[in-house]
Amino acid sequence: MDQTPAIIDLRSDTVSKPTPAMREAMARAEVGDDCYGDDPSVIALEAQVAERLGKAAALFVPTGTMANQLAVSGQTRPGEAIGCVAEAHVQVHEDAAHARISGVQACSLGNRRGFEPADLEARIREESCGWPRLSLAWMENTLGLAGGRLWPLESMTAIGELAHRHGRRVHLDGARLWNAHVATGVPLAELAGPADSVTVCMSKGLGCPAGSLLVGDAELIAGARGTRHAFGGSMRQAGVLAAAGLHALEHHIDRLADDHRRARRLWDGLRALDCWRAVEPETNMAIFELEAGRDAEQLCAPLREAGVLCYPNKYSEIRLVVHLGIDDAAVEAVIERARRVLA
Ligand SMILES: *Cc1c(COP(=O)(O)O)cnc(C)c1O
């Protein structure tokens, strides 16, 4: 008898709900008016995240999208370009904010697994032929659309060195940098090392209800603080949210290893189905590729009927994401339900 919940939600790691202990921490939070710079919980979270990432300063913002857009706005000028993979979150899931707000274009480098220094160098060389200046090299770790793939540290380091040699800035969209850290054992500060600015989300694998941070040097963050206000992102007693972040830093990082183990179990339990090709997970997501041109919604619909919520990652691809709200029993139930409706 299946004792698991009727609905198991694997759409994203953003769907997790704060644990009772996290809600406790939020209820007890010391707060102040963060626009006046006097919310002690926000100050503590910004200081702890900056320290863990080995940077001078951090800024607490409502979303990862805002952190990314502050990074664009603070490190480019209108008419320039940012260079990222074609499937980067900034290029496909931020409603062209980089173009609308900062007046820059995104140019695609490499493939879904990342790009190499040679790709960046070739693009910079074209500037001698009149191409717009690529002022910001943009990496993402883990790579979300590619299914939580890891961007190797050696590659990030080489890209950072090359960009800096050419006088360009470097941003790391580390919405899931925590997962990369736990999966590889590389310290957060080393992963952040190649970048001038880093985005981290508290609301993905770490399980907070909301909140992200932009991390970087003091000058960038001071500028971003002003721009955050212009974007309408200054919050008042935001310490209620920051307290969730402080709780997560202490209690929810190491446990990401459980999510990674469970994503592998999902892959292992479902790879025998011949309706798709299961890609071996590197972190907390399992990707299932369908035949080219086949509509993934045709498989997502019966899965939803069976109580497994998911959507197409791309037109011909399904993504199942493991998070704080998914235990071993839920994973086994997903495998059982999917085998039943898709076999
Ligand atoms: C989720 C995500 C973001 C944006 O975060 P929001 O809080 O949803 O705005 C940015 N980059 C990546 C790689 C993400 O996965």
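Hey, what D do you get for the stretch 1-126 in µm²/s if you plug the Kirkwood alpha-carbon radius into Stokes-Einstein at 25 °C and 0.890 mPa s? All intermediate terms of the calculation are to be shown ahead of the outcome.
On the way: Rh = 18.3 Å.
In µm²/s, the coefficient rounds to 134.
Between Thr157 and Arg133, what is the label-to-label distance in nm when each label sits 7 Å out along the Cα-to-Cβ direction?
Spacing of the two 7 Å Cα→Cβ label points: 3.0 nm.
Stretched out fully, how many nm does the piece from Lys314 to Tyr36 gain, at 0.36 nm a residue minus the Cα gap?
Here the segment from Lys314 to Tyr36 would lengthen by 95.8 nm.
What shape does the stretch 152-262 take by its C-alpha gyration tensor, where a ≥ b ≥ c are the square roots of the eigenvalues and a/c under 1.5 counts as rounded, a/b above b/c as prolate, and the rest as oblate?
It comes out oblate by the Cα gyration axes.
Under the 0.36 nm per residue contour assumption, what length would be gained going from the current alpha-carbon distance of Glu336 and Asp254 to full extension?
Values: separation 82, 0.36 × 82 = 29.52 nm, distance 2.79 nm.
Residue separation times 0.36 nm, minus the Cα-Cα distance, leaves 26.7 nm.
If you count only protein heavy atoms with a 1.4 Å probe, what accessible area per residue comes out for the stretch 31-251, rounded to a whole Å²? Please list the in-between numbers first.
On the way: 8150 Å² over 221 residues.
Roughly 37 Å² per residue, with all protein chains present.
In nanometres, what is the gap between the two model label sites at Asp217 and Ala56, each 7 Å from Cα along Cα-to-Cβ?
0.6 nm
For the stretch 202-278, which trypsin sites (Lys or Arg not before Pro) are both in a DSSP coil and crowded by at most 15 other Cβ atoms within 10 Å?
Hits after loop and neighbour filter: Arg236, Arg255, Arg271.
Given a 1.4 Å probe and every protein chain left where it sits, what share in percent of the accessible area of the chain is carbon and sulfur? Walk me through the numbers on the way to the answer.
On the way: 7220 of 14260 Å².
The computed percentage sits at 51.
How long are the semi-axes of the equivalent ellipsoid of the stretch 125-178, defined as square roots of 5 times the Cα gyration tensor eigenvalues? Whole Å, largest first.
They are 24, 12, 9 Å, listed from largest to smallest.
Starting from the Cα-Cα distance between Asp327 and His164, subtract it from 0.36 nm times their residue separation and give me the gain in nm to one decimal.
Stretched out fully, the Asp327 to His164 stretch lengthens by 54.3 nm.
Translational diffusion coefficient of the chain at 37 °C, 0.692 mPa s, Stokes-Einstein with Kirkwood Rh over Cα pairs, in µm²/s as a whole number.
The calculation lands on 159 µm²/s.
In square nanometres and to one decimal, what's the mean projected area of the convex hull around the Cα atoms of the stretch 207-315?
Values: hull surface 42.4 nm².
For the Cα atoms of the stretch 207-315, the hull's average projected area reads 10.6 nm².
What do you reckon, how do His171, His229 stack up by accessible area (1.4 Å probe), largest on top?
On the way: His171 0, His229 115 Å².
Heavy-atom accessible area, descending, gives His229, His171.
The values are calculated or read from the model by the stated rules, or taken from the named source; none is laboratory data. Note that this is a predicted model, so its numbers are computed, not measured. Ideal geometry is used to build each Cβ from the backbone, glycine not excepted, and the neighbour counts take in all protein chains shown. Quick note on the areas: whole protein, heavy atoms, side chains included, nothing else; ligands and nucleic acids left out. Shrake-Rupley method; radii C 1.70, N 1.55, O 1.52, S 1.80 Å.
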